[in-house]
Every structure is written in C-alpha cells, then in structure tokens.
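The values are calculated or read from the model by the stated rules, or taken from the named source; none is laboratory data. All figures in this text were calculated on a predicted structure; none of them were measured in a lab. No Cβ is skipped: glycine too gets one built from the backbone with ideal geometry, and neighbour counts run over all protein chains shown. Each accessible area value is taken on the protein alone, full model and side chains, heavy atoms only, with ligands, DNA and RNA left out. Shrake-Rupley method; radii C 1.70, N 1.55, O 1.52, S 1.80 Å.
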Amino acid sequence: MADCDLCGVSIPTVCPVKVFEPKFEHSYPAGKWKGLCERCLDSAKEVYDKHAQESEGNVCMMPGDSFGTCDFCGNATQLYDVEVKIPSFTKVYENETKHLCRKCLEGCNEAYSRKGECFGEHH
Ligand SMILES: [Zn+2]
Ligand SMILES: [Zn+2]
C-alpha cells in the first residue's frame, strides 16, 4: 500500500510525481518523487489546464491564486488552488483546498501522461 502525498488516502498504487523541494536542493538536485492518487492527479491536471496557456510551443502560466508555501514541495512562491477530497472518519470525504506551485503542477501534468501505466487501464 502507498499513501497519497496530497490527500493521505491509502491505495495500492500512487502515480509518481517529480517535485523539487528547496530544502533538499543539495541532496536531491534532480528532484524527488512523491506519489499522488488518481483523484488528486485529476484535480491537479484540471487546475494546470485551466491556468496554462500555450502559445507558439511555449507554455506560460497565468498568475496564481495566492502567495505562500507550496503544500507539496515547500517552495515559497505563487500558488494555485487545488481541490482535494480528504478521507475522513466522520464523513466519507471532506473537501479541502491545497495549494500547489507551478513546478508541482507541471510535474502533475507530466505524471498525468503516465496515468494509464500507474493505475492500469481497467482490463
Ligand atoms: Zn490523493
Ligand atoms: Zn510545489
């Protein structure tokens, strides 16, 4: 079993997402892998698509929703709101807004292309 690094749900497989944590910049200059469940990956991809604008092969991101510390990599920068559902004991799920930076959203977008491999194509 693995835990989703965003909502904490325990599932058999998480999709690896490359993140660059500033505090590990020296020990892991190439970034580290975190894992996302399918639902969080979908939410992050949706937010990325809403904010990324492609022009002449370059992707530029629209300004973030707020400024603060990224919930995923700890980078202090512009953040984008991502709605996730946290498994809860009282209710089935609780909606929570997580804040991700541009780099992490790009990582999610990249991971999304491997989504089929991670979660299976449901044969
Ligand atoms: Zn999740
Ligand atoms: Zn981040």
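Every condition in (1) away from ligand 1 (no atom under 16 Å from the Cβ); (2) open to solvent by less than 70 Å² (accessible area, probe 1.4 Å); (3) part of a strand (DSSP E or B) is met by Glu54 except one, and the failing one is (2). Listed here are the strands (runs of 3 or more DSSP E) enclosed by region 57-123 that have at least 1 residues being touching a Ser or Thr at 6+ places or on another chain (Cβ under 8 Å) and more than 16 Å from ligand 1 (Cβ to nearest atom): 66-69, 76-87, 93-101. If you go through region 1-51 and pick out every residue that is open to solvent by 60 Å² or more (accessible area, probe 1.4 Å), assigned to a loop (DSSP other than H, G, I, E, B) and within 9 Å of ligand 1 (Cβ to nearest atom), you end up with 1.
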